[in-house]
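**Student:** Structure in structure tokens, see below.
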Protein chains: 2
Amino acid sequence: MAFSNGVNVQNNSTSGSAKANPGRLASVYSEVQTSRLNHPLPLPSILTKPFKLQDGPPSSAAGNPDEIAKLFPNLFGQPSTLLVSSENRALRSDQKLKIGVVLSGGQAPGGHNVISGIFDYMQGLTSGSTLYGFKGGPAGIMKCKYVELTSDFIYPYRNQGGFDMICSGRDKIETPEQFKQAEETSLKLELDGLVVIGGDDSNTNACLLAENFRAKNIKTQVIGCPKTIDGDLKSKEVPASFGFDTACKIYAEMIGNVMTDARSTGKYYHFVRLMGRAASHITLECALQTHPNVTIIGEEVAAKKQTLKNVTDHITDVICKRAELGYNYGVILIPEGLIDFIPEVQQLIAELNEILANDIVDEGGLWKQKLQHQSRLLFEFLPQAIQEQLMLERDPHGNVQVAKIETEKMLISMVETELEKRKLEGKYVGQFKGQSHFFGYEGRCGLPSNFDSMYCYALGYAAGALLHAGKTGLISSVGNLAAPVDEWTVGGTALTSLMDVERRKGKFKPVIKKAMVELEGAPFQKFVSMRDEWALKNRYISPGPIQFYGPASNDINHTLLLELGAQA
Amino acid sequence: MAFSNGVNVQNNSTSGSAKANPGRLASVYSEVQTSRLNHPLPLPSILTKPFKLQDGPPSSAAGNPDEIAKLFPNLFGQPSTLLVSSENRALRSDQKLKIGVVLSGGQAPGGHNVISGIFDYMQGLTSGSTLYGFKGGPAGIMKCKYVELTSDFIYPYRNQGGFDMICSGRDKIETPEQFKQAEETSLKLELDGLVVIGGDDSNTNACLLAENFRAKNIKTQVIGCPKTIDGDLKSKEVPASFGFDTACKIYAEMIGNVMTDARSTGKYYHFVRLMGRAASHITLECALQTHPNVTIIGEEVAAKKQTLKNVTDHITDVICKRAELGYNYGVILIPEGLIDFIPEVQQLIAELNEILANDIVDEGGLWKQKLQHQSRLLFEFLPQAIQEQLMLERDPHGNVQVAKIETEKMLISMVETELEKRKLEGKYVGQFKGQSHFFGYEGRCGLPSNFDSMYCYALGYAAGALLHAGKTGLISSVGNLAAPVDEWTVGGTALTSLMDVERRKGKFKPVIKKAMVELEGAPFQKFVSMRDEWALKNRYISPGPIQFYGPASNDINHTLLLELGAQA
């Protein structure tokens, strides 16, 4: 299989249906894409001068250190490390490394720049080295499907969105057979190192791989990189996952436009559902950027044990108050994962799955008597279309498909019903028209913002340095992000130090805990301090399209700035 | 009622529920919004030096000149006019004009700049003049609801999206009573002129107003401005309607992102429905900007008398061919108005409306026998959800609501069914997962592109000049748009020259014909010459977010360039 740019692909796959990848043709790029190709990527100054690695104290774990120590006997306790300046180069420049890189999980803007950073580090500081890109995610490691990444191959992807340079996948390396396959690939390619670009699960996996290689005396070191638009992989040492900045800016552009439309038209309530199932960081960041009338944060709903009726009432209350002020329009943000945060919905779905699996669902509705009282009330509260969706659309295992529920449409319908009730009671005088939106795929693969472009490049460059220095089981860590790039810090954090254990099927499993929206944290507190004003006054902000030059082009998202203690 | 910036609103409304408008607060603007406020707006050089108006030959009409002459006895035949340079100022600078401006119909990026252009012309060349903004569209004229536009009032709206400076509306001035109300407002405010910013209908209306004022010897002159994101108000003299450029660029940004996502993920077909009901210009322009795998153009479907089955088969054919090449992903663009272009659907809907109004719809489905054979086949071909939608959701007159049909979801469902059939026949080997998108509101109110910002400003400035020169019944016309702004031409086109008549309820009604996608025109022909390649090879282009500085920031859309004979 030949790539359009003439680079041959090594392929050890036994499958005949190898996914064709035509590669990028910079010749059909838009002017903006082309201009991005050569956009300068300044590095933290520590990476531009001789440096050495300064290890910190022995590390522990985020929780249950004894269990983590048992799961990672070779890695537990190893220090995190920081690059510090040095009079002479501390690392040998005559080393020729063989390194693999893999993209794991959903797309996030900037992934290509991480790879560019690794490549450029190797070109510059370990000249003559080789970089392999595993194709289609971790499966590419297991099947030894890879492409050798060259300067020409990488060039069209610099500062571009997407993961299509080598594509990604959601497989995991988990079973003993799968670890064996990874070992075989490592040995076959004589890999000195492997960079795993992924989210919390993928970085946990990276650490398990590192531990396994170490245990088997295989030389391959493993370094992780923090990726996810959801923003839920972060800690003190790893202040941000890449892609979050760009995705939020793209969603906020659209939300700002819809707000202007709402204000101009004066007759629509726009219900905007935003990607991000596990945590509501994206929704919170978009709220801080745009000032919507109502924003639902899943973590708050869960903490306050709110019901779907509570959420509906809250939205309806704001709509009624706004109607009194003469505003029959507004914008409401909803996190994709909202209903996962509502305990009563989880309960209903569990009961439905049970009933659907074991009982006869009669047309007359007698089956509903098998629901517990609370679940039955909730079921009857749901709009008919949602009831039908719950009963009819099931996954291959026969389970209700929660992810398919269009929460924004469901809420519009429930708010509508509640408003009709209040109208009859004389408590609502306005007109309500709901418009639904889901912003998701549009943001995952946009051209990375200047911040994500630079951050990812530094992450990749740092990963190169960590491998060059013989490190394993660390996650590439770039910090001090509120300062100019020049002053960013660079290092590696022990992955085991981010871990806790969860009990699954009677066994302890290591996990990097998802970082949820902290209700005591600065971003949420800032939101809380302003949301009442946003609800009734129209403080809409339109961030506009991401700029690569000029005003705002180097701005950083509010969440990161607030978490870093800077003024957003 | 006081505006937040302290300007008092004149309000003659008798209604107690006047829509509150809090106005813009530049103090809560984003950095990009703020930077736009002072973005320089260069004028065509003809507007920066002394000019005079050079009238052309007497004009005729686009069709049925005799009928147009009867409908516009005072205006028919008047020449279009062009600004040409002059040694001295031909127009008196000591004239104090009173001018009103109104926004009519749906939002389009740039409307605020038209108003800014009128205002700046008056400030500069008829100092001491007054500009009134009628609030909420033509109803504001009839009810004499207006605000006096001052420098401070206008400032926060410069180069900003939306229509919220004075808001818009969809009312028309049609009946004798309504004309009377407009006359009263004109006389009360002693209006020298009125600028109507709107689409084809609104400009027809503007011409009727001009004719009426002239007939009644009222001094108010009326000038139109071409507005609509749909791009269907254009002609040789009026090369573009404003807003089209920005809206298409915003949609194309999103489409480009979704394309990158499709290529990276390798498993989704994205069906993207794009705003634009009457004509498919937006869809065509977005295709030229992004190179999707399939693009449906309503005008072609109509010209070839295609059925829904034809459209489905066409999409399915491409998906099958791509599966053979190993691509189980793609992007498909669909114009919002697709089903309006399919004769058989129109026929079915007419029959359904008839049956729903007069017959009993039995659960057993015997009522379907009342459908004609062809309509019945089509009805049964439709996915069940669409069948139900057609039967259940009706407008207040009991009619089927075609506009509510989510065409993209309907097509996904029909393509899915067809692919399952072909799979059983061994003619399709791939996996199909459809994702639906509707891009509409996001684009109507975005920050105007540099092109729309400058074009609108020139349109407004030109409208000021035409009124200053005593003209009426013209539409502001700025041309030579492929050249630098400096060289743009400025003039006014006789609205009657753009008109034809339609027979409605036994009477001739004047209409400016909607400009549909010309199947022989350069944009469509360019698309035709490339679409086969786009279908099977992946020639995706990601235009990226609109830039206000640097590369591509002053680019013009492909449609306009191709129509002007320039190379897109």
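**Student:** Where nothing but the Cβ of Lys and Arg (+1) and of Asp and Glu (-1) is charged, how large is the charge dipole of the stretch B:179-239 around its Cα centre, in debye to the nearest 20?
**Tutor:** Its charge dipole is roughly 180 debye.
**Student:** Roll a 1.4 Å probe over the protein chains and send me the accessible area per residue for the protein assembly as shown in Å².
**Tutor:** Result: 38 Å² per residue.
**Student:** Same structure again: On the protein heavy atoms, probe 1.4 angstrom, tell me the percent of accessible surface of the stretch B:466-517 carried by carbon and sulfur.
**Tutor:** 50
**Student:** In square nanometres, what is one fourth of the surface area of the convex hull spanned by the alpha carbons of chain A?
**Tutor:** Averaged projected area of chain A's Cα convex hull equals 28.5 nm².
**Student:** What FRET efficiency do you get for B:Asp55 and B:Ala385 if R0 is 41 Å and r is their Cβ-Cβ distance, rounded to the nearest 0.05?
**Tutor:** So the FRET efficiency works out to roughly 0.10.
**Student:** Divide the volume of the convex hull of the Cα atoms of the protein assembly as shown by its number of residues and quote the answer in cubic angstrom per residue.
**Tutor:** So the per-residue hull volume is 189 Å³.
**Student:** Using each residue's phi in the stretch B:516-521, evaluate 6.51 cos²θ - 1.76 cosθ + 1.60 at θ = phi - 60° and report the 3J(HN,Hα) Karplus result to the nearest Hz, with x for Gly and Pro.
**Tutor:** Each residue of the stretch B:516-521 in turn: 8, 5, 7, 6, 9, x Hz.
**Student:** Additional query: For A:Arg277, place a label point 7 Å from Cα along the Cα-to-Cβ direction in every copy; what are the distances to the other copies, in nm, shortest first?
**Tutor:** 3.7
**Student:** Can you tell which of A:Pro176, A:Met254, A:Asn217 lies farthest toward the positive end of the dipole of the stretch A:153-274, using +1 and -1 charges on the Cβ of basic and acidic side chains (Lys, Arg; Asp, Glu)?
**Tutor:** Of the listed residues, the answer is A:Met254.
**Student:** How high is the relative contact order of chain B? Use alpha-carbon pairs under 8 Å, at least six apart in sequence, and give a whole percent.
**Tutor:** RCO, chain B: 22 percent.
**Student:** Work out, in µm²/s and without decimals, the Stokes-Einstein translational diffusion coefficient of the stretch B:90-176 at 37 °C, 0.692 mPa s, Rh from Kirkwood over C-alpha pairs.
**Tutor:** It diffuses with D of about 244 µm²/s by this estimate.
**Student:** Still on this structure, I have one more. Which angle from 0 to 90°, rounded to the nearest 10, does the C-alpha axis of helix A:343-358 make with the longest principal axis of chain A?
**Tutor:** Relative to chain A, helix A:343-358 is tipped by roughly 90 degrees.
**Student:** If exposed GluC sites (Glu not before Pro) are those in a DSSP loop with at most 16 other Cβ within 10 Å, what is the longest stretch of chain A that has none?
**Tutor:** Maximal segment without exposed cleavage sites: A:191-362.
**Student:** A follow-up question, please. How large is the charge dipole for chain A, taken about the Cα centre, if only the Cβ atoms of Lys, Arg (+1) and Asp, Glu (-1) carry charge, to the nearest 20 debye?
**Tutor:** 640
**Student:** Moving to a separate point now. Name the long-range amide H neighbours of A:Phe242: under 5 Å, sequence gap of 5 or more, or other chain; modelled H, no Pro or chain starts.
**Tutor:** For A:Phe242, whose amide H was placed from the backbone, the distant partners under 5 Å are A:Lys227, A:Thr228.
**Student:** Right, here's the next one. Put a point 7 Å out from Cα along the line to Cβ at A:Arg89; what are the distances to that point in the other copies, in nm, shortest first?
**Tutor:** Computed spacing set for this position: 7.0 nm.
**Student:** How well do other chains shield peptide A:159-170, expressed as the mean number of their Cβ atoms within 10 Å of each residue Cβ?
**Tutor:** What the average comes to for A:159-170 is 4.
**Student:** Given H placed on each backbone N at 1.01 Å, which residues far from A:Gln78 in sequence or on other chains put an amide H within less than 5 Å of it?
**Tutor:** A:Ser59
**Student:** A:Ile412 accessible area, nearest 10 Å², 1.4 Å probe?
**Tutor:** 20
**Student:** Can you give me the relative contact order of the stretch B:303-378 as a percent, contacts being Cα pairs under 8 Å and 6 or more apart?
**Tutor:** Relative contact order comes out at 29 percent.
**Student:** Also, quick follow-up: Per residue of B:434-446, what is the mean number of Cβ atoms on other protein chains within 10 angstrom of that residue's Cβ?
**Tutor:** 6
**Student:** Would you work out which of A:Gln306, A:Ala287, A:Ile319 lies farthest towards the positive end of the dipole of the stretch A:272-320, given +1 charges on the beta-carbon of Lys and Arg and -1 on that of Asp and Glu, about the Cα centre?
**Tutor:** Highest projection toward the positive end goes to A:Gln306.
**Student:** At B:Lys507 and B:Glu184, where each label point lies 7 Å from the Cα along Cα→Cβ, what is the point-to-point distance in nanometres?
**Tutor:** Spacing of the two 7 Å Cα→Cβ label points: 2.1 nm.
**Student:** Using modelled amide H (1.01 Å from N, peptide plane; none on Pro or chain starts), what sits under 5 Å from the amide H of A:Asn538, excluding residues fewer than 5 places away?
**Tutor:** Correct list: empty.
**Student:** May I ask you to evaluate 6.51 cos²θ - 1.76 cosθ + 1.60, the Karplus curve with θ = phi - 60°, for each residue of the stretch A:186-202 and list the ³J(HN,Hα) values in order in whole Hz, giving x for glycine and proline?
**Tutor:** 4, 5, 4, 8, 6, 5, 7, x, 9, 10, 9, 9, x, x, 4, 4, 5
**Student:** Could you work out, residue by residue across A:242-255, how many beta carbons of other chains sit within 10 Å of that residue's beta carbon, and then give the average as an integer?
**Tutor:** Shielding by partners across A:242-255 averages 2.
**Student:** Something else now. Between the chain alone and the structure with every protein chain in place, find the residues of the stretch A:529-545 that drop at least 40 Å² of accessible area; heavy atoms, 1.4 Å probe.
**Tutor:** Listed in order, they are A:Arg539, A:Ile541, A:Ser542, A:Pro545.
**Student:** Given label points at 7 Å from Cα along Cα→Cβ, what nm distances, shortest first, separate B:Pro484 from the same residue in every other copy?
**Tutor:** Nearest to farthest, the other copies are at 3.4 nm.
**Student:** Continuing with the same structure: Could you work out the helix-only [θ] at 222 nm for chain A, with each DSSP H run of four or more residues adding -39,500 (n - 2.57) and the total divided by the number of residues, to the nearest 500 deg cm²/dmol?
**Tutor:** The per-residue figure over chain A is -12000 deg cm²/dmol.
**Student:** Please return the longest range in chain A lying between exposed loop sites, taking chymotrypsin sites (Phe, Trp or Tyr not before Pro), DSSP loop only, at most 16 other beta-carbon atoms within 10 Å, and leaving the sites out.
**Tutor:** It runs A:4-548.
**Student:** Now for a separate question. Suppose every K and R has +1 on its Cβ and every D and E has -1 on its Cβ; what is the size of the dipole of the protein assembly as shown about the Cα centre, in Debye to the nearest 20?
**Tutor:** 620
**Student:** Hey, with R₀ at 45 Å, roughly what FRET efficiency would B:Asp66 and B:His314 work out to, going by the Cβ-Cβ distance, to 0.05?
**Tutor:** Between B:Asp66 and B:His314 the formula returns 0.55.
**Student:** Have a look at A:Gly434, A:Trp367, A:Asn399 and report the one farthest towards the positive end of the charge dipole of the stretch A:367-458, computed about the Cα centre with Cβ charges (Lys/Arg +1, Asp/Glu -1).
**Tutor:** Working it through, the farthest residue towards the positive pole turns out to be A:Trp367.
**Student:** A plus B alone minus the pair: what accessible area, both sides summed, probe 1.4 Å, in Å² to 100?
**Tutor:** What A and B bury together is about 5200 Å².
The values are calculated or read from the model by the stated rules, or taken from the named source; none is laboratory data. If you're wondering where the values come from, they're calculated on a predicted model, not measured in any experiment. In this analysis, Cβ positions are derived from the backbone assuming ideal geometry, glycine residues included, and neighbour counts consider all displayed protein chains. Please note that ligands, DNA and RNA were not included when accessible areas were found on the heavy atoms of the full protein model with its side chains. Shrake-Rupley method; radii C 1.70, N 1.55, O 1.52, S 1.80 Å.
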